[in-house]
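Before any comments, here is the structure.
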Amino acid sequence: MPDTGIAIPAGLTSDLAIVSIDSTIVDVPTVRRHKLSQTSVTAQSYVIVELRLANGAEGIGEAATLGGPRWSEESVEAIKANIDAYLAPALIGLRADRPAAAGARMDAAAKRNNAAKAAIETAIFDALGRTLGVPAALLLGGVVRDRVPVLWTLASGDPGQEIEEAEGKLEARLHDTFKVKIGALTPDTDLARLRRLAAALGGRARLIVDANQAWDETTALRCLPVLADLGVALVEQPVPAWNIAALVRLRARAAVPLLADECVFTAHDMLAVAAAGAADAVSLKLVKHGGLLGLRQVASVAEAAGIGLYGGCLLESSIGAAAHLHAFAGLRELAWGCEHFGPQILTDDLVTEPLRFEEFRVHLPDGPGLGVTLDRGKLRRYARN
Ligand SMILES: [Mg+2]
């Protein structure tokens, strides 16, 4: 361990040592089928990390996936295996007040595995915050906002059902921006579906669209002007993640802003997208950026390039959503709000006090660390055997 020259009382030093890291796979049913271009789920699978310090403090974190290793290369089975065999052993004995050092150790122990690393780093911030009696957001620089506008995703593929679902959310004043998942159907079927949604909801709600890499450049070139005419506010990852050059060409011709998602995992990716001029906004996600510190690093590169920030999700439960809210709370600008509706699409929650959703916003939970408490009964109920 390098000598920092800072004198830390011996008691505090040993008390903050990480003594155990446990991981559990859970499967929590969703209220309806959620269809993306490449996958479809009726239950959300997470790895829940429980980390303990010598002082008795406990921290929790969550790694979310979407339908196995289809959205990215990580699956819950691989996440758990790599945490247990490589990432946890690398951190036992390290002090929890050194999350950046923990990140360096994890990077030395395993390439990528960003969702796994994010879950552990989240648990470190939670345990440290609980020890010091301060929220994780304070450890990241303090709060600019304590609530964030939150959208809802329409992803059943049935426009009649989707209009009814959106009307319910508007009526309850929960969500007034809707992200439509496209790409599982043909482009023309999706355009017809979007015409119906825009006609039904236009003027009362904002629509954005996520193709999850489904289109090629030719299809995107044909469809983007239609989306612009329908008043779609933002189009997310229309083409494959590798095709940065296509995003640049589409952005030059499209009258609708483009949101980078699967093409930006690391700060290096963000720099490349910014340098190419390939996006108007970027979706920030712990599973991509390897943790709260990594998320803030990607956000900094985007901010430096004048690229707007969007608080992305992978259908996290209240644990992962709370972690994101702590990372988002300290951003100076979060132009596009967030999409942490995940806890509301699950039939049950994993924490004792669910997150607060009201007036089209989700609230940063109060209290030390993440501000949410794991319900161990629920963890056992949904744990995979
Ligand atoms: Mg996306």
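Values in this text are rule-based calculations from the coordinates and carry no lab data. On a predicted model such as this, the values are computed, not experimentally measured, just so you know. Neighbour counts are summed over all protein chains in view; Cβ atoms, including those assigned to glycine, are modelled from backbone coordinates with ideal geometry.
Summary table below
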quantity: Selected from Thr24, Ala85, Ala63, residue furthest toward positive end of dipole (segment 11-134; charges at beta carbon); calculated: Ala63
quantity: Equivalent-ellipsoid semi-axes of segment 11-134, from the Cα gyration tensor, Å, largest first; calculated: 29, 15, 10
quantity: Centre separation in Å (Cα based) which lies between segment 240-269 and segment 311-382; calculated: 28 Å
quantity: Most fluctuating residue given options Lys169, Lys181, Lys288, as computed from a GNM of the chain linking Cα atoms under 10 Å; calculated: Lys169
quantity: Segment 114-146 residues near the modelled Leu271 label - backbone nitrogen below 20 Å, point 7 Å along Cα→Cβ; calculated: 114
quantity: Antiparallel bridge percentage (DSSP; both residues within the chain; nearest 5); calculated: 55 percent
quantity: Degrees separating the helix 318-329 axis from the principal Cα axis of the chain, which is the longest one; calculated: 90 degrees
quantity: Relative contact order [Cα under 8 Å, 6+ residues apart], segment 298-385, whole percent; calculated: 29 percent
quantity: Most mobile listed residue (Glu58, Glu74, Glu358) in the chain, GNM with C-alpha springs under 10 Å; calculated: Glu358
quantity: Under-5 Å amide H pairs with Arg361, H placed in peptide plane, nonlocal only; calculated: Val150
quantity: For segment 37-47, Karplus couplings with θ = phi - 60° (6.51, -1.76, 1.60), whole Hz, Gly/Pro x; calculated: 4, 10, 7, 8, 10, 10, 8, 9, 10, 10, 9
quantity: Cα extents of segment 147-241 along the three principal axes, largest first (Å); calculated: 39, 29, 22
quantity: Karplus-derived HN-Hα couplings along segment 375-380 (A = 6.51, B = -1.76, C = 1.60, θ = phi - 60°), whole Hz, x at Gly and Pro; calculated: 8, 5, x, 5, 4, 5
quantity: Acute angle (nearest 10 degrees) that the helix 217-229 long axis makes with the longest principal axis of the chain, alpha-carbon atoms; calculated: 80 degrees
quantity: FRET E, pair Trp242, Asp15, Förster distance 56 Å, beta-carbon r, rounded to 0.05; calculated: 0.75
quantity: Charge context of Leu224, other residues only, Cβ under 14 angstrom, K/R +1, D/E -1; calculated: -3
quantity: Shape metrics for the chain, restricted to C-alpha atoms - Rg then Dmax, Å; calculated: 20.4, 66
quantity: The chain - charge dipole about Cα centre, Lys and Arg +1 at Cβ, Asp and Glu -1, debye rounded to 20; calculated: 260 debye
